[in-house]
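Bear in mind these aren't lab numbers, they're just calculated from the coordinates by the rules spelled out. Bear in mind that the values here come from a model prediction, so they are computed numbers and not experimental data. Here the Cβ positions follow ideal geometry from the backbone for every residue, glycine too, while neighbour counts run over all protein chains shown.
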């Protein structure tokens, strides 16, 4: 049975994690925001998902850069500097005695509103900042069974409609696409761009392999995926031909391999698309090689602490 791209092993420790809410660390059951919060009322805010590996948050500068760029795009004052957010992130994982195999969701909304309305001038006070750190180890079955994709009728939008580069709290278009995929018996939705070319999945980025070449979309209509960028980087560094280009579903159906990328799962092989099986053993040889290279990059970014530091 195929698994979801974010399938992880259940961890009982997550029931007792402390959540960061506006400077306070509170038990999970007590972590709350107002019903007047901009994020709850209208999805007004931005977020990032990051990984803790060997006690270090991986590629944090890139993630914070994307977060602050999104905040500027919606004219939202986070109210904290990158250094202050970094301190808050490490404070959260240290309070939970976390070291590795941890996923952290950093969420920022415009703050509490005086009344439920979209006008940002109705916000009172400062931005709401929440950090949820959980123990998450990818379910190993996904690497051998793969995931099933279904092409949704919901398209990725032009930037003047809903800019795909903006990692906003409002993800209803992606959720609608995923609902279609789930109802079709798949695990995730494959989404096309406005011209009908393959773009991305609802929560991960999509790649195919054809005759040893690695293809992914142009990137115009997909999230500025940090893992996506690292996969392109390590593939090119290894001498693999990588193309960011337009391609069609017909070319997907005839691919030798396919995989998706994301913060939690890294590289996850795709078993089928729209009922068409990706032939061969999973993961395919190129997927397996890139997965290993991505792991090496992660270890270089977050090296294991020396015994003296333990």
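Can you confirm whether the range 110-123 contains a residue that is touching a strand residue (DSSP E or B) at 6+ places or on another chain (Cβ under 6 Å) and without any contact (Cβ under 8 Å) to a residue 60 or more places away in the chain? Can you show your working first?
First pass over the range 110-123, keeping only residues touching a strand residue (DSSP E or B) at 6+ places or on another chain (Cβ under 6 Å): 110-114, 122-123.
From what is left, the residues that are without any contact (Cβ under 8 Å) to a residue 60 or more places away in the chain are 122.
Yes: one or more hits.
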Exercise. How many residues are touching a residue at least 12 places away in the same chain (Cβ under 8 Å), at negative phi and assigned to a loop (DSSP other than H, G, I, E, B) when one looks only at the range 280-296?
Worked result: 3
Exercise. What number goes with the only condition from (1) closer than 20 Å to residue 227 by Cβ; (2) surrounded by 18 or more Cβ atoms within 10 Å (Cβ to Cβ); (3) touching a residue at least 60 places away in the same chain (Cβ under 8 Å) that residue 64 does not pass?
Worked result: (3)
Exercise. Among (1) in contact with a strand residue (DSSP E or B) (Cβ under 9 Å, 6 or more places away or on another chain); (2) over 19 Å from residue 165 (Cβ atoms), which single condition is residue 234 missing?
Worked result: (1)
Exercise. Hey, among the residues in the range 35-59 that are surrounded by 15 or more Cβ atoms within 10 Å (Cβ to Cβ) and in a loop (DSSP other than H, G, I, E, B), which one's farthest from the chain's Cα centre (by Cα)?
Worked result: 36
Exercise. Does residue 176 satisfy the criteria of being under 30 Å from residue 111 (Cα atoms) and within 15 Å of the chain's Cα centre (by Cα)?
Worked result: no
For this session: Inspect all residues belonging to the range 11-20 and state whether any of them is touching a strand residue (DSSP E or B) at 6+ places or on another chain (Cβ under 6 Å), assigned to a helix (DSSP H, G or I) and touching a residue at least 40 places away in the same chain (Cβ under 8 Å).
Result: yes
Exercise. Quick one: how many residues across the range 91-130 are part of a helix (DSSP H, G or I) and either crowded, with 19+ Cβ neighbours inside 10 Å or touching a helix residue (DSSP H, G or I) at 6+ places or on another chain (Cβ under 6 Å) (or both)?
Worked result: 2
Exercise. What residue, among those in the range 204-218 that are surrounded by fewer than 22 Cβ atoms within 10 Å (Cβ to Cβ) and touching a helix residue (DSSP H, G or I) at 6+ places or on another chain (Cβ under 8 Å), is farthest from residue 152 (Cα to Cα)?
Worked result: 212
For this session: Can you run down the residue pairs with Cβ atoms below 7 Å, 6 or more apart or on separate chains, where the first is in the range 24-45 and without any contact (Cβ under 8 Å) to a residue 12 or more places away in the chain and the partner is crowded, with 18+ Cβ neighbours inside 10 Å and not in a loop (DSSP other than H, G, I, E, B)?
Result: 26/18; 26/19; 27/18
